[in-house]
């Protein structure tokens with residue numbers, strides 16, 4: 001298994017990618033395919049760095065990603081979700097273990113609800129008549145960053161303390 005630092009370097013790259021996704025979604029209401037592709041393509045490196053076994057570890061990650069894609073593709077077909085959002089969540093499903101991914105979905109829904117209410121009020125205050133466009137990549141990225149921090153920062157702090165003591 002690779003160094004502890006390499007694993008956290010990959011997680012830092014994922015965090016940066018999530019920030020880029022949020023900012024591009026705010027700015028252009030679009031999450032680029034190259035970014036979603038890079039997140040998905042780098043997941044196997046993370047699996048290797050984490051020492052994830054092919055069975056059942058990688059199999060679970062792939063299974064959750066396939067289920068995520070199928071369900072969200074249905075929402076995309078009903079125009080309830082954007083394509084970039086579907087791809088971003090599917091790519092994140094490759095990185096985040098199933099229980100934490102469920103927490104990500106709950107956090108995303110809560111953050112997205114608050115974001116929709118705030119933007120809806122702003123839309124009404126400004127007396128805009130056009131359709132409200134919510135940059136849901138912000139909710140996805142925020143929930144993803146929250147999960148990464150909740151799941152990995154305590155371990156990072158424990159490991160750093162252990163290295164300093166040794």
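The values are calculated or read from the model by the stated rules, or taken from the named source; none is laboratory data. Only a predicted model underlies this, so the values are computations on that prediction, with no experimental measurement involved. Virtual Cβ from ideal backbone geometry, glycine too; neighbours counted across all protein chains shown.
Here are some notes:
- Every residue from the stretch 48-74 that is at pLDDT below 95, in a helix (DSSP H, G or I) and surrounded by 13 or more Cβ atoms within 10 Å (Cβ to Cβ): 48, 49, 50, 57
- Test: residue in the stretch 24-33 that is free of Cβ contacts under 8 Å to residues at least 40 places away in the same chain and either part of a loop (DSSP other than H, G, I, E, B) or surrounded by 15 or more Cβ atoms within 10 Å (Cβ to Cβ) (or both): no
- One residue from 37, 84 being crowded, with 19+ Cβ neighbours inside 10 Å and out of contact with any strand residue (DSSP E or B) (no Cβ under 7 Å at 6 or more places or on another chain): 84
- Restricting the stretch 128-154 to residues that are outside any helix (DSSP H, G or I), surrounded by fewer than 23 Cβ atoms within 10 Å (Cβ to Cβ) and touching a helix residue (DSSP H, G or I) at 6+ places or on another chain (Cβ under 8 Å), the residue that is modelled with the highest pLDDT: 134
- Among residues of the stretch 77-105, those that are free of Cβ contacts under 8 Å to residues at least 12 places away in the same chain and closer than 19 Å to residue 22 by Cα, counted: 2
For (1) within 16 Å of residue 152 (Cβ to Cβ); (2) within 15 Å of the chain's Cα centre (by Cα), each residue gets a yes or a no:
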position: 11; (1), (2): yes, yes
position: 55; (1), (2): no, no
position: 69; (1), (2): no, yes
position: 75; (1), (2): no, no
